[in-house]
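Take a look at the structure below.
No lab work stands behind these numbers, since they all come straight from the coordinates. Just so it is clear, the structure is predicted and the values come from calculations on it, not from any experiment. Glycine also receives a Cβ, built like all others from the backbone with ideal geometry; neighbour counts cover every protein chain displayed.
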Amino acid sequence: MTWQRKIRMTGNSDFFEAFAASYCDYYRDVDAGEAVRHWTRLLRAAGVNWATNKVDGTNPTLLDLGCGPGWHLGPWGDQGFDVCGLDSSPSMLEIARSHPGNGPPKRLYCANILNPASIGQLNQRFDRIVSHFNFLNLFAPQELDALFDSISTLMAPKGLFAFDYSPKPTISAADDTSGIETIKTEGTERTIVRRWNLSDGTVDEIYWFHDIEQLRRISSRHSLCVLHILNWPLSDNLPGTRNLIIAGKDEP
């Protein structure tokens, strides 16, 4: 099966640029440090060789893909990684630059993960790549090939990619938050649209819910192999279930 790379990102890149000013307030209860520690405990319990120093004694490199306001950068640095962040939103990266929890300045890149010319500016391959907050759900099915191809390009041989995954949740009217209208879209693409009424206008956030076998199949076309699917019990009172998935980069 062939695929055609798409340069255009989904409307979600525009959404997060518009939502940046409200993001930190809306998600202020998120404990990024505990999320990183929880991931680390799950990875250790599963026997994943995650944070080992390289043979030359230097810290392994880690890219937070879709880092947003940068809340996870400092905690991953505390775990012994040389950390970088990548996001498509300039406004989100401005917040990340000023986030007090990040410690020493981190390298931050504004790039379109679906565009090879855009990610070429990093000029680096990473030992570990992470994505938080169901990052893969922000991409339409036809964009997954380009996404995994870029991730594979950015990953060093024997590298690992860890990301959280949620199947499609059940959302009722009672789950809606003031100022947010949830529009359920059924059908083959299995999407949910959340319409946010912000002070300067209305913007839509779109989630596509992919099944694990679909992710396994598409990632394998780009030298990535799903190695572990770990149960991640929800501790934040959100509906549904969640997994932590680890994919490895094949030898060149």
Quickly work out the GLN121-to-ASN53 label distance, labels modelled 7 Å from Cα along the C-beta direction, and quote it in nm with one decimal. 3.3 nm
Along Cα→Cβ, 7 Å out, is where each label goes; now give me the distance between the ones at ASP31 and ARG190 in nm to one decimal. 3.1 nm
Spelling out what I want: for every residue of the stretch 207-220, take phi, set θ = phi - 60°, compute 6.51 cos²θ - 1.76 cosθ + 1.60 (Karplus), and round to whole Hz; glycine and proline get x. 10, 9, 9, 9, 8, 4, 5, 4, 5, 4, 5, 6, 4, 5
Packing-ranked peptide list from 115-124, 90-99, highest mean Cβ count within 10 angstrom first, is 90-99, 115-124
Find out how many positive minus negative residues lie around SER91, taking Lys and Arg as positive, Asp and Glu as negative, among other residues whose Cβ is under 12 Å from that of SER91. -3
Under the definition of Cα pairs under 8 Å and six or more residues apart, what whole-number percent is the relative contact order of the stretch 28-136? 27 percent
What full-extension length gain, to one decimal in nm, is calculated for THR202 and ALA21 as 0.36 nm per residue of separation minus the Cα-Cα distance? 63.8 nm
